[in-house]
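Quick notes on the structure that follows.
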Amino acid sequence: MHIFGTLPPDAQFTLQTLLTRIAGMEVHRRAPARSSVPHPQSTDLELAIQPHLESLDFQHHVRLHHPRTGEGFEYDFFRARDGIALEVMGYRADDEVYKDILKFHVHPETRIGVVLVPRYKWISSRRTDTNYAATLKALAFADHYMNVEALVAVAYDWEAGEVEGAWGLVVVG
């Protein structure tokens, strides 16, 4: 877990509790793989961790509106009582992370923005550190202008499970 800003102790406890619960959990890919990398998609991970987040009082797919334009957007998960927003990123995190970071900034009740991001990006069956490195770079830039107390990056990876099509979630750091 990489933290930019100041993460209040209660929020840190909540995130540590979540990471402890989901580390090693088995996740299945629901749709057939379109490439040679058969890892679960971000939506598969989102649905797998949903019960754990809901047990910690997070709501799933919270619909919000931009304060100036009224344009709709949503968080994957949000806990209103302390303003923690969590976005589950997929294999294109290096391209998509900026959009999610900006959501944290425009919602006035968000105090802490968390991105769960795949450590590696797979291109032509080769892995690169692009996703996590790009996320850390984006959060470092955003930390200087954001309207939140903390931004948090949590990297994840996959290891093959014992059952075909099952993948063990590895929480990195």
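The values are calculated or read from the model by the stated rules, or taken from the named source; none is laboratory data. Only a predicted model underlies this, so the values are computations on that prediction, with no experimental measurement involved. Here the Cβ positions follow ideal geometry from the backbone for every residue, glycine too, while neighbour counts run over all protein chains shown. These area figures cover heavy atoms from the full protein model, side chains too; ligands, DNA and RNA do not enter into them. Shrake-Rupley method; radii C 1.70, N 1.55, O 1.52, S 1.80 Å.
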- Note on the structure: Rounded to the nearest Å, the spacing of the alpha-carbon centers of segment 1-30 and segment 130-173 is 10 Å
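With every protein chain left in place, what is the accessible area per residue of segment 42-107 in square angstrom, probe 1.4 Å?
Values: 3150 Å² over 66 residues.
I get 48 Å² per residue for this part.
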- Query: For the chain, what proportion of DSSP beta bridges, expressed in % and rounded to the nearest 5, is antiparallel?
  - Reply: 70 percent
- Label corresponding to mean projected area of the Cα convex hull in nm² when calculated from the structure given, among (1) 12.0; (2) 9.8; (3) 13.2: (2)
- Dipole magnitude of the chain about its Cα centre (Cβ charges: Lys, Arg +1; Asp, Glu -1), debye to nearest 20: 360 debye
- In terms of solvent-accessible area of protein heavy atoms at a 1.4 angstrom probe, what is the ranking of F58, F141, highest value first? F141, F58
- Extension gain from E159 to F141, taking 0.36 nm per residue of separation minus the Cα-Cα distance: 3.4 nm
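Work out how much length Q12 to A80 would gain on full extension: take 0.36 nm times their residue separation and subtract the Cα-Cα distance, in nm to one decimal.
Details: separation 68, 0.36 × 68 = 24.48 nm, distance 1.58 nm.
22.9 nm is the gain from fully extending Q12 to A80.
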